[in-house]
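The values are calculated or read from the model by the stated rules, or taken from the named source; none is laboratory data. Given the structure is predicted, the values throughout are model-derived calculations rather than measurements. For neighbour counting, all protein chains shown are included, and Cβ atoms are generated from backbone atoms with ideal geometry for every residue, glycine included.
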Amino acid sequence: MRYLSTRGRADRKRFCEILLEGLAPDGGLYLPESYPKIDARLGQLRQIWVSGGYADLAFEILKLYIDDIPEAQLRDLCRKTYRPQVFGTPEIVPVRQLEHGLYLQALSNGPTLAFKDMAMQLLGNLFEYELARRGEELNILGATSGDTGSAAEYAMRGKKGVRVFMTSPHGRMSAFQQAQMFSLLDENIHNIAIEGVFDDCQDIVKAVSNDLEFKRCYKIGTVNSINWARLLAQVVYYFAGYFQATRHDSEQVAFTVPSGNFGNICAGHVARMMGLPIAKLVVATNENDVLDEFFRTGVYRVRGSADTHETSSPSMDISKASNFERFVFDLLGRDAALTRSLFADALGRQGFFDLSAHPSFAQAATRYGFASGKSTHADRLATIRDTDARFGVVIDTHTADGLKVAREHRPSGLPMLVLETALPIKFAQTIEEALGRPPARPSGFEGLEAKPRRVQVMPADVEQVKAYIAAHAPLLPP
């Protein structure tokens with residue numbers, strides 16, 4: 001298996017090379033040269049899910065993309081990662097039926113109570129394995145709007161040869177999310193609160209990644225969903241959800257995914273390209289509806305910091321969906337030159353691009369199954385109340401966005417699975433506003449907000465972030 005850049009760089013790399021790299025040197029994102037097809041093996045994969053569980057299913061899918069880690073060691077890494085002791089249940093991602101044809105897939109039973117743990121726990125083990133094999137160290141630079149940061153830090157804390165520098169928008173995460181990150185005092189964890197919005201943090205990560213000399217000298221890697229390994233790990237739970245919601249391999253399903261950065265649902269796109277029978281992939285956005293606007297109109301228009309709304313589903317307060325380039329690359333028939341002109345030129349020059357007249361745009365729905373919808377604060381309050389009253393289930397604000405949009409796009413006769421994104425305790429203020437009572441606090445998180453904190457606040461300035469990294473990480477040999 002070889003990987004290429006969405007922007008056309010000529011060389012092809014293997015999995016372990018791109019694992020530690022993040023962005024390609026030309027600024028593009030890595031994708032496999034082709035997607036392995038599993039159509040004929042779907043029944044076999046179902047049996048592996050039934051008999052071996054999530055860890056063995058993960059191994060079977062990951063080995064299609066990873067052929068430079070010996071299979072025995074890759075299987076061990078999957079089994080080390082996906083254990084009931086870490087994720088709370090034997091199924092790891094249990095599916096619950098709410099009403100006829102409508103399901104919730106629980107992805108938030110990991111260490112930080114958010115779906116990001118599903119990939120980040122594996123990524124931590126992959127990083128430690130590969131760095132030990134090479135005898136190298138890695139400095140991870142990331143950006144978070146809430147959940148990626150804590151998931152990455154909990155996965156990497158104490159890992160040998162790894163330091164984490166995590167940027168986040170100052171004051172824009174929930175109190176619980178901030179406490180999860182900033183209360184980690186491990187020496188290899190560094191929190192940087194940026195005076196701005198998430199997109200400023202993401203721009204800093206990309207700017208540092210594009211400074212190839214600095215990246216080489218300080219061995220900068222990423223854990224954001226621009227890292228292919230993280231997105232690949234997320235592909236697995238689409239298969240696990242499908243097997244739980246269906247009985248026969250001929251059945252189709254639909255998924256609705258709350259999404260701001262397009263990583264979570266891009267994994268669904270990959271699963272569908274592999275042959276998983278997904279009839280529909282529905283993108284649910286909040287008031288920051290850049291993705292919804294594209295799928296409705298063909299126009300992808302990024303917003304500036306001043307036009308990025310601060311909402312009650314803050315992990316989706318994103319106006320530049322960094323993973324979207326992967327899907328557009330596929331949508332355009334893998335035309336790297338056109339992809340580069342849209343993302344490297346048009347967005348930088350005019351802040352938008354328009355594919356409404358391009359023949360490929362209609363294929364987003366007809367060939368790739370995409371649809372979209374939007375939810376507001378009033379919508380999510382109403383959905384949280386309704387779900388609690390009718391089903392006795394308390395959901396978080398992002399999952400509420402997903403449920404609201406899912407009901408608008410349910411295909412007749414097919415199961416619709418909504419991907420849960422986090423446990424409600426992470427957004428307690430809005431849950432209390434909706435229900436008049438605080439959400440349950442899982443055991444082990446008592447007094448979290450009162451713990452001592454370590455965080456550095458700084459302006460949205462690339463050079464200051466680079467200087468901070470240089471001051472806290474050794475200059476590493478090439």
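For the reader, a short list of remarks on this structure follows.
- Residues being small (Gly, Ala, Ser) and either in a helix (DSSP H, G or I) or in contact with a Lys or Arg (Cβ under 8 Å, 6 or more places away or on another chain) (or both) - total across the range 346-365: 5
- Selection count, the range 424-445, where residues are closer than 13 Å to Gln180 by Cβ and free of Cβ contacts under 8 Å to residues at least 12 places away in the same chain: 1
Condition check ((1) surrounded by 24 or more Cβ atoms within 10 Å (Cβ to Cβ); (2) in a strand (DSSP E or B)) across all residues:
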| site | (1), (2) |
| --- | --- |
| Phe214 | no, no |
| Gln234 | yes, no |
| Tyr237 | yes, no |
| Phe243 | no, no |
| Phe255 | yes, yes |
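- The range 455-478, subset part of a loop (DSSP other than H, G, I, E, B) and at pLDDT below 95, residue surrounded by the fewest Cβ atoms within 10 Å (Cβ to Cβ): Pro478
- In the range 393-446, residue nearest to Tyr242 (Cα to Cα) [restricted to those that are part of a loop (DSSP other than H, G, I, E, B) and of a type in the set (A, V, I, L, M, F, W, C)]: Leu414
- Members of the range 274-297 that are within 24 Å of Leu232 (Cβ to Cβ) and in a loop (DSSP other than H, G, I, E, B): Gly275, Leu276, Pro277
- For the range 170-190, a residue qualifies if it is part of a strand (DSSP E or B) and over 23 Å from Ile18 (Cα atoms), and exactly one does: His190.
- Entry remark, the range 217-242: residues being modelled with pLDDT of 90 or more, within 25 Å of Gly135 (Cβ to Cβ) and more than 12 Å from the chain's Cα centre (by Cα) number 4 in total.
- Listed here are the strands (runs of 3 or more DSSP E) enclosed by the range 76-169 that have at least 2 residues being within 30 Å of Gln244 (Cα to Cα): 95-99, 102-105.
- Search result, residues across the range 298-345 that are at pLDDT below 95, in a loop (DSSP other than H, G, I, E, B) and aliphatic (A, V, I, L, M): Val302, Ile318, Ala321
- Cβ pairs under 6 Å, 6+ apart, first in the range 240-251 and on the phi < 0 side of the Ramachandran plot, second outside any loop (DSSP other than H, G, I, E, B) and among the small types (Gly, Ala, Ser): Asp249/Gly43
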